Every structure is written in C-alpha cells, then in structure tokens.
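Heads up: the structure comes next, in structure tokens.
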Amino acid sequence: MGDATTSCKECEQLRAEIRKVREERDAALLSVARERERTNAVLMSQVAPASPPPKPIRYWAVDLLNSGVKKALPLPHAGVRAAAQLLRRFRKEEP
Amino acid sequence: MKADVVVAAGDNTHSWIDAVYRSGGAPLGRVVAVCNAPEEAALLRELQGRHAELVVLLNETRLGRVASWNRGLLLGERDVLLLDDEVVLAEGCLEEMLEVLHGSDRIASVAPLPSVAASKVDLASIPRLTEVPSMRGPCVLLRRVLLNMIGAFDPAFQRTDEAQDDWAMRAQRMGTRHVRANRAVVGRRASAPAAPAHAGLLLARHPHLPEQASAALLGAEPHAAPHFVASRSAPPRVCTAAPPDGEPREHFQVLYHSAPIDDAGQLLALLESPCHLVLGQTGTYRKRALLFAAAHSAQAVITASEQERAALIADLALQPARVEVESEAGLTSVFRKVVDHPCEESLRHRALLANFLRSLGQADHRLAEAPRGR
C-alpha cells in the first residue's frame with residue numbers, strides 16, 4: 001500500500017497509525033526471529049557422539065576362539081547348531 | 001513461486017531497496033533488512049510507505065553479518081535470497097534462480113553468474129546450470145526445506161564466506177548440491193575482494209573442502225559461461241598443447257589438440273584444462289580406446305576428409321554435428337561454434353571421465369603405497 005499524496009488531519013492520523021502498526025509488526029517478527037535464533041544456536045551446538053572406544057581384549061579373545069573352533073571343527077560346530085535348532089523346534093511344538 | 005530477500009543493512013541499503021523492488025519482479029516476496037544502527041532503521045522505515053512488504057529488524061546490540069543474516073533467514077517461510085547491498089539484480093534474475101532451484105529436489109542453493117558484461121547478451125545457448133562446490137557469495141538463493149532441516153548459518157563463524165561454506169557442506173551431507181544459474185546475471189557496485197584460504201574450524205569440520213573446491217574448477221564445464229561471455233567482445237582465443245609465451249590456459253577459450261594421445265595421463269591433462277576441447281588429426285591415433293574417450297569428451301572433432309568423417313561417426317558413435325572436415329576457413333567457425341553452443345552432453349562426459357581417471361590414479365597410488373604380502 002503506497003502513501004497517499006493528499007494531506008489532511010485524518011490522513012496524517014491514519015498514516016501515523018499505519019506506521020505504528022508496522023513498527024509493532026516488525027517488533028513481533030524480531031521476537032520470533034530471536035527465538036528461532038536460539039533454536040538454531042542449540043541445533044548448531046549439537047556435537048556428534050564420539051566414536052566408540054575399542055572393544056575390550058576379552059571380546060577379541062572370545063571371537064578368536066569362536067572362529068578357531070569353527071575352522072578347526074566345522075562338522076561338530078554345524079552339528080551343535082543343528083541340534084540347538086531342532087531342540088528349539090521341539091519345544092515350540094509341545095503344547 | 002516466490003522468494004524472500006534478506007539483507008544485512010549497511011549505509012547504502014535505503015537507496016538500493018528501490019532497485020531490488022524494481023528488478024525483483026513478481027517472484028519477490030518479503031524483503032527483510034536487518035540493521036545495527038537506529039538511524040539506518042529509521043531511513044528504511046520511511047520506505048515502508050512505498051513497500052508495505054518491507055520488514056525492518058533493528059538489532060538490540062551490534063551484531064556481525066552472519067548473526068544478522070540468521071535473523072532474517074529464520075524468519076520467513078519461503079526460499080530465501082541472501083543479498084549484499086552491493087549487488088544489482090538483472091531483470092528476470094530471481095525468476096531464473098527460482099526455476100533452477102525447483103528444477104530438482106536435490107538442489108540446495110543457487111548462485112547467479114556474476115558478470116556485468118553478461119547482462120547485455122543472450123545466454124540461452126549456454127548450459128542452464130553448473131555445479132559448484134560451495135555457495136559462498138554476495139547473492140545466493142537458499143532452499144527453505146534445507147534451512148528447516150539443517151538450520152541457518154553457524155554463529156561460531158565470524159567470516160561470512162566460512163559460514164556459507166560450512167552451510168554448503170552440511171547441505172551436501174544431506175545429499176544435496178549447489179549450482180550456479182548461468183542465465184541469471186548480477187552485477188556488483190564494488191569489486192569483490194579476493195576470497196581468503198580455508199582455515200581453522202572450517203577445515204577441522206570439512207577437511208575435504210579445499211580438494212573438492214579445486215577439483216570443481218577443473219575442466220571446461222565450470223568455465224563454459226565465462227568463455228561465452230568473453231567471446232562476445234572478441235573472437236575466441238585458441239591455444240594448442242602448450243600455450244604461447246607460457247600464458248595461463250585460463251586466458252583461452254579453446255584448446256585445439258592435433259596430435260595423438262598416447263596414454264591416460266595425457267588424456268586426463270587435456271580433460272582437466274579449462275578450455276573447450278577440439279580434436280584434430282584423428283587418423284594418427286594408435287589406441288582406439290583413447291580416441292573414443294577423447295572424441296566423446298571433445299566439443300568438436302576435425303577430420304581430413306569426408307570418408308574419414310563418415311568412418312569416424314560410424315566407428316565411435318559420434319554425433320554427426322560434432323565432426324567437421326578440415327578446412328583453413330572452417331576452423332575459425334568451428335572454434336566460434338563450440339564456444340557459442342557448447343554441447344552439454346560432451347561437457348558432462350568429459351567431467352565424468354576426468355573423475356574416473358583421477359580415481360583410477362588415486363587407486364593406483366594407494367596400491368603402490370600398500371605394503372606387500374597382505
């Protein structure tokens with residue numbers, strides 16, 4: 001809306017009111033901007049979690065032992081797994 | 001489609017706002033001016049009579065440019081054009097930038113072509129957009145969805161270019177890219193200062209940025225628009241394998257290579273040159289694979305006779321329009337044609353092939369460095 005060129009008392013009063021309303025609108029928008037700025041600051045301060053520490057040695061040892069057993073005794077290893085699966089199935093089928 | 005404009009107001013902003021409203025046209029939404037001084041705010045508020053959509057925010061304390069930008073950026077609900085009050089938008093610039101931005105969901109930001117000379121020429125024949133490594137600059141259109149997802153600039157950065165680079169890298173991590181709209185032109189009232197090197201926090205966060213930035217400048221694709229603009233005022237400058245007087249290749253628009261290419265390293269060097277590539281003497285190549293790769297990356301191929309031309313088109317599956325028969329008078333027109341109407345397919349092929357060859361080189365290097373017996 002452009003400013004009218006006419007000038008009377010009422011026009012001046014209206015213009016002053018419009019100016020006041022605009023200033024109020026700008027002040028309200030500034031408050032919104034400030035709040036969003038705070039949210040942005042929080043978002044920016046989020047730090048990615050540090051990478052997890054290395055596995056404890058006992059985990060490595062157990063993994064090593066497990067893969068060793070798998071390699072050295074493949075048939076008993078597969079047999080134990082199959083037996084465990086069979087047992088699980090029987091248990092499910094029981095009423 | 002509309003975009004809001006955000007400007008960190010300076011001394012001349014009040015005189016510049018009118019120009020923005022004139023050149024912005026229908027796609028211009030709300031203009032948000034963020035001021036530090038009450039006098040500036042008072043001057044801008046006088047303009048609100050003419051431009052009801054102008055929002056003037058007065059900072060309670062003096063804030064840096066990044067913080068002022070953030071205030072404006074976080075306010076709107078549309079895409080945002082970040083503008084410096086030194087920038088003059090050419091007619092239709094904002095419309096074109098918005099069209100490019102919405103041409104793909106994967107574009108995070110669009111920058112215009114900064115050139116005063118380009119505003120006077122028809123840019124319809126050059127590629128519409130070029131990928132850029134980052135979105136730093138005095139005029140950038142940012143996608144609202146991305147601002148909602150990754151936030152605005154990080155206030156930890158004092159320098160605006162670093163804050164922009166950081167935003168660009170964060171957007172890139174979301175799988176989006178940054179482009180330059182080659183047909184959207186802006187001018188500057190003052191010359192742009194030289195960009196300082198990346199440092200500190202930015203490098204710690206994005207250590208790959210310098211490498212990515214320098215790789216993005218290789219090849220003819222990023223230079224196609226500047227080449228076109230430069231050739232409006234003078235005939236295209238052509239160099240051969242070694243430019244005369246050791247002048248940098250950046251000063252030339254066309255590289256005419258009329259010797260056979262013998263290895264992949266030589267081909268990569270040609271592909272990475274900033275000039276449009278024109279190949280000659282194709283009959284002397286010993287390695288057909290290299291000829292195939294080079295011919296598909298070149299803007300034009302020159303043959304000695306009609307028979308050779310027909311055989312080459314059939315053998316290498318080339319577009320007939322890009323293969324010409326040699327003649328002294330004809331070469332100049334070929335050079336003019338490749339600068340005026342660069343083939344986007346060849347430019348893309350050239351960039352992809354260069355990336356592939358570089359990655360092969362890096363893999364070879366890693367293999368050579370790896371300890372034996374593993």
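The values are calculated or read from the model by the stated rules, or taken from the named source; none is laboratory data. Note that the coordinates shown come from a computational prediction; the quantities given were computed from them, not determined experimentally. Neighbour counts run over all protein chains shown; Cβ positions are idealised from the backbone, glycine included.
Mind listing whichever residues of segment B:208-241 are of a type in the set (D, E, K, R) and either loosely packed, with under 15 Cβ neighbours inside 10 Å or not in a loop (DSSP other than H, G, I, E, B) (or both)?
Scanning segment B:208-241 gives B:211, B:221, B:232.
Mind checking which residues of segment B:296-335 are assigned to a helix (DSSP H, G or I), without any contact (Cβ under 8 Å) to a residue 40 or more places away in the chain and of a type outside the set (A, V, I, L, M, F, W, C)?
Scanning segment B:296-335 gives B:306, B:307, B:308, B:309, B:315, B:320, B:322, B:328, B:330, B:333.
Does at least one position in segment B:17-40 carry a residue that is outside any strand (DSSP E or B) and within 10 Å of chain A (Cβ to nearest Cβ)?
no
Residue B:291 is checked against (1) of a type in the set (A, V, I, L, M); (2) more than 20 Å from residue B:127 (Cα to Cα); (3) in a strand (DSSP E or B) and fails just one. What number does that condition carry?
Only one criterion in (1) of a type in the set (A, V, I, L, M); (2) more than 20 Å from residue B:127 (Cα to Cα); (3) in a strand (DSSP E or B) is unmet by residue B:291, namely (3).
Which one of these does residue B:85 not meet: (1) away from every other protein chain (no Cβ under 14 Å); (2) under 18 Å from residue A:31 (Cα atoms)?
Among (1) away from every other protein chain (no Cβ under 14 Å); (2) under 18 Å from residue A:31 (Cα atoms), residue B:85 violates only (2).
Quick test for you: out of B:159, B:144, B:180, pick the one residue that is surrounded by fewer than 17 Cβ atoms within 10 Å (Cβ to Cβ) and under 30 Å from residue B:11 (Cα atoms).
Every option except B:144 fails the conditions.
Being closer than 30 Å to residue B:216 by Cα and either in contact with a Lys or Arg (Cβ under 6 Å, 6 or more places away or on another chain) or not β-branched (Val, Ile, Thr) (or both) is true for just one of B:100, B:132, B:34, B:80. Which residue is that?
B:132
So that you can scan it fast, the table gives a plain yes or no per residue for (1) in contact with a helix residue (DSSP H, G or I) (Cβ under 9 Å, 6 or more places away or on another chain); (2) of a type in the set (A, V, I, L, M); (3) modelled with pLDDT of 85 or more:
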{"site": "B:277", "(1), (2), (3)": "yes, yes, yes"}
{"site": "B:287", "(1), (2), (3)": "no, no, yes"}
{"site": "B:292", "(1), (2), (3)": "yes, no, yes"}
{"site": "B:306", "(1), (2), (3)": "no, no, yes"}
{"site": "B:325", "(1), (2), (3)": "yes, yes, yes"}
{"site": "B:340", "(1), (2), (3)": "yes, no, yes"}
{"site": "B:373", "(1), (2), (3)": "no, no, no"}
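Mind listing whichever residues of segment A:40-60 are at pLDDT 90 or above and among the β-branched types (Val, Ile, Thr)?
Of everything in segment A:40-60, just one residue is at pLDDT 90 or above and among the β-branched types (Val, Ile, Thr), namely A:57.
Consider residue B:11 carefully, then state whether it is away from chain A (no Cβ under 14 Å), part of a loop (DSSP other than H, G, I, E, B) and buried (at least 16 other Cβ atoms within 10 Å of the Cβ).
No.
If a residue has to be in contact (Cβ under 8 Å) with a residue 60 or more places away in the chain, more than 14 Å from every other protein chain (Cβ to nearest Cβ) and either in contact with a Phe, Trp or Tyr (Cβ under 9 Å, 6 or more places away or on another chain) or over 21 Å from residue B:84 (Cβ atoms) (or both) to count, how many in segment B:135-179 make the cut?
Matching residues across segment B:135-179 total 5.
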